[in-house]
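Below: the structure, in structure tokens.
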Amino acid sequence: MAYDKVPDLKMPLPGPKAKAVIEADDKFISPSYTRGYPMVIVRGRGLAAEDVDGNVFLDMTAGIAVNAAGHSHPRVVKAIKDAADNFQHMSGTDFYYPVQSTLARMLAERTPGEPDRKVFFCNSGTEAIEACIKLARWKTGRPWLISFIGAFHGRTYGSMSLAASKAVHRTRFAPLLPNVIHANYPYPYRAAPHLDTPEKVADDCLRYLNDIVFKKLVNANEVAALFVEPIQGEGGYVVPPDNWLPGLREMCTKHGIMLVLDEIQAGMGRTGKFFAHDHWGIEADIIACAKGIAGGMPLGAIIAKSEIMQWPPGTHASTFGGNPIACAAAVETIKLLDEELVDNAAKVGEYLKGKLEAWAKGCDRVGEVRGKGLMLAVEFVKSRESKEKDPALRNAVEQTAFKRGMLILGCGENNIRFCPSLIITKEEADKAVEIFAASVEDAMK
Ligand SMILES: Cc1ncc(COP(=O)(O)O)c(C=O)c1O
């Protein structure tokens, strides 16, 4: 059943039942999670999320860019139920089942470039990155890996070692994976007087790789892979200059380095194309996917050129990876993406960005509105002139929006991200901007 009114708050937050759940949670759940506000969900439909006390919120997070088709889309739910009725698990490591190869074919066919690709299934983003590290090293026989400042690739040892978005992710966990070098990601808005266009910022970062990394730190022919998010996610929804990914592609091809694109947050239609790197007309050697792939079910996948994914039996596997229920949900989600959701992400994403930009013109505390499709962020600063970051205002906006019935999350140091389900309508986008504007007013009081 859909909700007539979204948002619909019935009491000051958190309500009594939410308080009780949070109390139990505090007692038994690991404190390492990063809950920003007391949202205790019990039910969702589309972009509506209902809490345990019956309050209804407008969900502009999609569970951190996951529920591509919204909460409990009837077709995804049916696919899950039908699959569960047949069998729940058999382990794709040791047995065959049809939905795995069906889904692998669908992913291969939607990958930019030749569809001659092979797919390895796992359960999450971080597992996909671990698989990419192993495959790149196995294929090349080389030890070194390159990734970028601001990147987030996950929280297990390999992916954490590649990540560099927040020190807390790595603090007290060393020793990390050795042989990882972090280079600069081109933040277009950091243009300085001598780098006065985004393209020059990207050229400068490419030059650093060539002149510093490959000359002073490691020989390029010892580098297995370069990991990059086509649009940085946790780092702040940073869209790179147009010459960045083509420049990296050329560099990787020249040195026989695997170009690994982390499409975990930006992929699966979110930016208005099935894979974000398609905006720049490049091909990856290996792609990591998770998040939106299975409409909310846990699933990860890596997609590699067939000539690259030639590792023999036993080199890599996963008991649960490619679970049949998750794969069935993914097949249905991809059908929905094809039918309308990728186009909708492009269309409503542009509309939402336009509305946010128009609103931002009247607010001196917004540095920039950025992003592509439904991967959008608003950056908060002390003033537009100073460009000084204002994380406190960003944090306050997260809270005031919650109190007004909208779920949003931060990214980077001082940005709010909008990553709603790809089914969002223009009316819902209007509502989101209206609540957001009022929440910023509240936060500035
Ligand atoms: C770009 C990117 N890579 C990897 C990950 C890790 O995914 P997971 O949390 O499923 O391990 C994330 C999660 O936010 C991500 O945004």
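Worth pointing out:
- When the range 321-436 is reduced to its Cα atoms, the Kirkwood hydrodynamic radius in Å: 15.4 Å
- Rounded to 5, the percent of DSSP beta bridges in the chain classed as antiparallel: 70 percent
- With the biggest extent put first, the Cα atoms of the range 90-322 measure 58, 38, 35 Å across the principal axes.
- Relative packing of peptides 330-341, 288-299 - highest average C-beta neighbours within 10 Å first: 288-299, 330-341
- Three semi-axes describe the equivalent ellipsoid of the chain; taken as square roots of 5 times the Cα gyration tensor eigenvalues and ordered largest first, they are 33, 29, 20 Å.
- The range 43-117 has equivalent-ellipsoid semi-axes of 31, 19, 10 Å, by the square roots of 5 times the alpha carbon gyration tensor eigenvalues, sorted largest first.
- The per residue volume of the convex hull around the alpha-carbon atoms of the range 389-445 is 73 Å³.
- Positive-end residue, the chain charge dipole about Cα centroid, Cβ charges, pick of PHE274, PRO312, LEU352: PRO312
- Links that overshoot a 21 Å alpha carbon limit, given the list LYS353/LYS431; LYS372/LYS445; LYS5/LYS353; LYS17/LYS291: LYS372/LYS445; LYS5/LYS353; LYS17/LYS291
- Per-selection Rg to Rh, the range 83-209 - Cα, Kirkwood hydrodynamic radius: 1.08
- Cleavage-rule hits, chymotrypsin sites (Phe, Trp or Tyr not before Pro), the range 66-162, DSSP coil, Cβ neighbours within 10 Å at most 11: PHE87, PHE95, TYR96
None of the figures in this text is laboratory data; all of them are computed from the coordinates on show. These numbers were taken from a predicted model, which means no experiment stands behind them. Using ideal geometry, Cβ is built from the backbone for each residue, glycine included, and neighbour counts are taken over all protein chains shown.
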